[in-house]
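Undergrad: Right, I'll just put the structure down here and ask away after.
Nothing in this text is a laboratory measurement; each read-out follows from the coordinates by a stated rule. Computed from a predicted model, the values in this text were never measured in an experiment. As a convention, Cβ positions derive from the backbone with ideal geometry for all residues, glycine included, and neighbour counts pool all protein chains shown.
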Amino acid sequence: MSDRESLHFINGEYTAGSSGLTFENRCPVDGSLIGLVHEGKREEVDAAVSAARAALKGPWGRMSVEERVRMLYRVADGITARFDEFLEAECLDTGKPKSLASHIDIPRGAANFKVFADVIRNVPTEGFFLETPDGAGAQNYGVRTPKGVIGVISPWNLPLLLMTWKVGPALACGNTVVVKPSEETPLTTTLLGEVMNDAGVPRGVFNVVHGFGPDSAGAFLTEHPGVDAITFTGETRTGTAIMKAAAEGVRDVSFELGGKNPAIVFADCDMDKAIEGTMRSVFANCGQVCLGTERVFVERPVFDEFVARLKAGAEGLKLGRPEDETVNMGPLISKEHQQKVLGYYKLAKDLGATVVIGGGVPDMPDDLKDGAWVEPTIWTGLGDDSAVMREEIFGPCCHITPFDEEEEVIARANDTVYGLASAVWTENMSRGHRVAAQIDCGICWVNSWFLRDLRTAFGGTKQSGIGREGGVHSLEFYTELRNVCVKL
Ligand SMILES: O=C(O)C(=O)/C=C/C=C/O
């Protein structure tokens, strides 16, 4: 049991706000109460947006790029200096293994500030010399200015990492932000307020308002006329609602949404690599990674071997508490999400799937029985048109199906409304490049998964998102690019 109260962070100060409403934050490992979270309503969002707007006109708005860069480095160093606190908080909120969060979530949560500080320090501006009839010419140059107040709605699967993946570039580009973290995972975003103050980030630059979506902080933020642009990571249907809100006032959006990501395993793959990589892409973070795999296509000659080896890998997964170093899989984020995933587990059985492993709730020790646990699960035998193959489940599960021809599997992999990520396993590099070029998604890994170069364009096609963030691509969303043409 913990008594961690989550307050809003507005204009450099923690506040309970005035709604008088709170909701419970429960640990998904055992259902214990972490603490109460204050729910922000219109008034709290108004205060946060006003503070963010004012900060643009204050010291932050007058700060040089170099000063901003140094400040963001201090923020990154501040997270690192409090690594254990952030690790404890993230694992309390999510139940994920400390071994995972200590290697991915917290280090990347800090690194995102440095990566984008470096981008803004080194990015060139464009210039074009225009020949003119009088022969004197004209010089054009590009000018990037902050977009203003950015609304950030961040998800519960990698709370710190995916929040700073947005706040980092937003601040590097001179904007200010109002963050509405997921109601499931308030702790690390709240804690970041202290780090911002300690790093000397002017009050009002970074604001946090807790709450839900409709008729709560999320909706009030996306509908607020003082918000100049909205960035969101989460489910496609929520993205649709946010986009409708953003239309009022013609605000820009940057979305990383859902996926139904394929992995394609050719017979000529390095099977050890393919199994290791697919074990991570299916089961890492209890399958709660937007880039994760839920559809596995295996060339028929190695289908039985692949299924058997992935089953053996899943049998080796140990579920338990975050602090147990032998644990490599935690629970789902909530009992509600557990019910959603178990609904698909039941559906798969009802549809006649072969349950290779899993399909239910693991027999956990008594002290964990109230957690949001599900078994790592593998199915075979369903058609590509089944709901299990078409709808995002977002749990530790995948369906494996055989294929015979390259052209066939590309068409099947692309047969989805989504287009976020994919993985291709083959030792034939001509085929690797050829297939990767034909899969309609934002990122395709060949003989790897979740290998992340933060300079690259990152985002989804179709219903997996709008826009690209990462490296200089983030500048397109977090700045306004203007052109000045000077007649010489
Ligand atoms: O690695 C990243 O920058 C990133 O965005 C990861 C996204 C995972 C989504 O669930």
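Undergrad: Any chance you could give the angle, 0 to 90 degrees and rounded to 10, that helix 271-283 forms with the longest Cα principal axis of the chain?
TA: The angle comes out near 60 degrees.
Undergrad: Could you tell me what fraction of 2.2 N^0.38 Å the Cα radius of gyration of the chain comes to, as a two-decimal ratio?
TA: Here the answer is 1.01, to two decimals.
Undergrad: Each residue of the stretch 22-34 in turn: what ³J(HN,Hα) in whole Hz from Karplus with 6.51, -1.76, 1.60 and θ = phi - 60°, glycine and Pro shown as x?
TA: In residue order, the calculated couplings are 9, 9, 7, 10, 10, 6, x, 6, 9, x, 5, 7, 7 Hz.
Undergrad: Residue-wise, which Karplus ³J(HN,Hα) couplings in Hz belong to the stretch 165-178, taking 6.51 cos²θ - 1.76 cosθ + 1.60, θ = phi - 60°, and x for glycine or proline?
TA: Listing the rounded values in order: 4, 9, 5, x, x, 4, 6, 4, 8, x, 7, 10, 9, 10 Hz.
Undergrad: Counting alpha carbon pairs within less than 8 Å and at least 6 residues apart, what relative contact order, in whole percent, applies to the stretch 261-446?
TA: Across the stretch 261-446, relative contact order equals 29 percent.
Undergrad: Over 25 Å between C-alpha atoms is what I'm after, so list which of Lys98/Lys260; Lys260/Lys335; Lys57/Lys487; Lys260/Lys340 land there.
TA: Lys98/Lys260; Lys57/Lys487
Undergrad: Order these peptides, 207-215, 60-68, by their mean beta-carbon neighbour count within 10 angstrom, highest first.
TA: Top of the packing list down: 207-215, 60-68.
Undergrad: Here is a further query. Determine the equivalent ellipsoid of the stretch 102-194 by diagonalising the alpha-carbon gyration tensor, then write out the semi-axes as square roots of 5 times the eigenvalues, largest first, rounded to whole Å.
TA: Working from the Cα gyration tensor, I get semi-axes of 39, 14, 9 Å.
Undergrad: While we're here: Could you state, as a whole-number percent, how many of the C-alpha pairs of the stretch 152-194 are farther apart than 17 Å?
TA: 22 percent
Undergrad: Now, a different point. What is the set of long-range amide H partners of Arg26 at a cut-off below 5 Å, with H atoms built 1.01 Å from backbone N?
TA: Ile34
Undergrad: Suppose only helical runs count, i.e. DSSP H with n ≥ 4. What mean residue ellipticity at 222 nm does that imply for the chain under -39500 (n - 2.57) per run, divided by all residues and rounded to the nearest 500 deg cm²/dmol?
TA: When only DSSP H runs of four or more count, the value is -11500 deg cm²/dmol.
Undergrad: Report the Cα centroid-to-centroid distance between the stretch 129-183 and the stretch 13-37 in angstrom, as an integer.
TA: What the calculation gives is 32 Å, centre to centre.
Undergrad: Here is a further query. Between Asp268 and Arg390, what FRET efficiency follows from the Cβ-Cβ distance if R0 is 35 Å, with the result rounded to 0.05?
TA: After rounding, the FRET efficiency stands at 0.75.
Undergrad: Here's something else I'd like to know. One-quarter of the Cα convex hull surface for the stretch 261-446, in nm²?
TA: The Cα convex hull of the stretch 261-446, projected and averaged over all directions, gives 10.1 nm².
Undergrad: To check my understanding: the extent here is largest minus smallest coordinate of the Cα atoms along each principal axis. What are those three numbers for the stretch 361-488, in Å, largest first?
TA: Principal-axis extents of the stretch 361-488 (Cα, largest first): 77, 46, 27 Å.
Undergrad: Stokes-Einstein diffusion coefficient for the stretch 1-69 at 4 °C in a medium of 1.567 mPa s, Rh from the Kirkwood formula over Cα pairs: what value in µm²/s?
TA: In µm²/s, the coefficient is 91.
Undergrad: Under a point spin-label approximation (7 Å from Cα along Cα-to-Cβ), what is the Asp404-Glu85 distance to one decimal in nm?
TA: Here the modelled spin labels are 6.2 nm apart.
Undergrad: Okay, moving on. Suppose every K and R has +1 on its Cβ and every D and E has -1 on its Cβ; what is the size of the dipole of the stretch 261-446 about the Cα centre, in Debye to the nearest 20?
TA: Charge dipole of the stretch 261-446: 280 debye, to the nearest 20.
Undergrad: In the structure shown, do any of Lys96/Lys311; Lys166/Lys311; Lys180/Lys462 have a Cα-Cα gap over 31 Å, and if so which?
TA: The pairs that break the limit, which is 31 Å between Cα atoms, are Lys166/Lys311.
Undergrad: With both partners inside the chain, how many of the DSSP beta bridges are antiparallel, as a percent to the nearest 5?
TA: Percent antiparallel among DSSP bridges in the chain is about 40.
Undergrad: Also, I was wondering about something else. For Val424, which sequence-distant residues (separation of 5 or more, or a different chain) have an amide H within less than 5 Å of its own amide H, given hydrogens modelled in the peptide plane?
TA: Sorted by chain and number, the residues that satisfy this are Ile264, Trp445, Val446, Asn447, Ser448.
Undergrad: Expressed as a whole number of Å, what is the distance separating the alpha-carbon centroids of the stretch 349-409 and the stretch 417-472?
TA: A separation of 23 Å, based on Cα centres.
Undergrad: Can you give the percent of C-alpha pairs in the stretch 1-141 whose distance is more than 17 Å?
TA: Across the stretch 1-141, Cα pairs with separations above 17 Å total 75 percent.
Undergrad: Excluding Leu100 itself, what net charge comes from residues whose Cβ is under 11 Å from its Cβ, given Lys and Arg +1 and Asp and Glu -1?
TA: Charge balance near Leu100 sits at +1.
Undergrad: Once amide H atoms are built 1.01 Å from N in the peptide plane, which residues 5 or more positions from Thr233, or in another chain, come under 5 Å H to H?
TA: The answer is Ile153, Glu256.
Undergrad: So what are the ³J(HN,Hα) numbers for the stretch 7-16, from phi and the Karplus equation (6.51, -1.76, 1.60; θ = phi - 60°), rounded to whole Hz, Gly and Pro as x?
TA: Going residue by residue, I get 9, 6, 10, 10, 6, x, 10, 7, 8, 7 Hz, with x marking Gly and Pro.
Undergrad: Moving to a separate point now. May I ask you to sort Asp228, Asp198, Asp105 by Cβ crowding, counting other Cβ atoms within 10 Å and putting the fewest first?
TA: Ranked by crowding around the Cβ, least crowded first: Asp198, Asp228, Asp105.
Undergrad: For the stretch 191-260, with only Lys/Arg (+1) and Asp/Glu (-1) charged at the beta-carbon, what is the dipole magnitude about the Cα centre, in debye rounded to 20?
TA: Around 160 debye, computed over the stretch 191-260.
Undergrad: Another one. Given contacts defined as C-alpha pairs under 8 Å and at least six residues apart, what's the relative contact order of the chain, whole-number percent?
TA: Computed over the chain, the figure is 19 percent.
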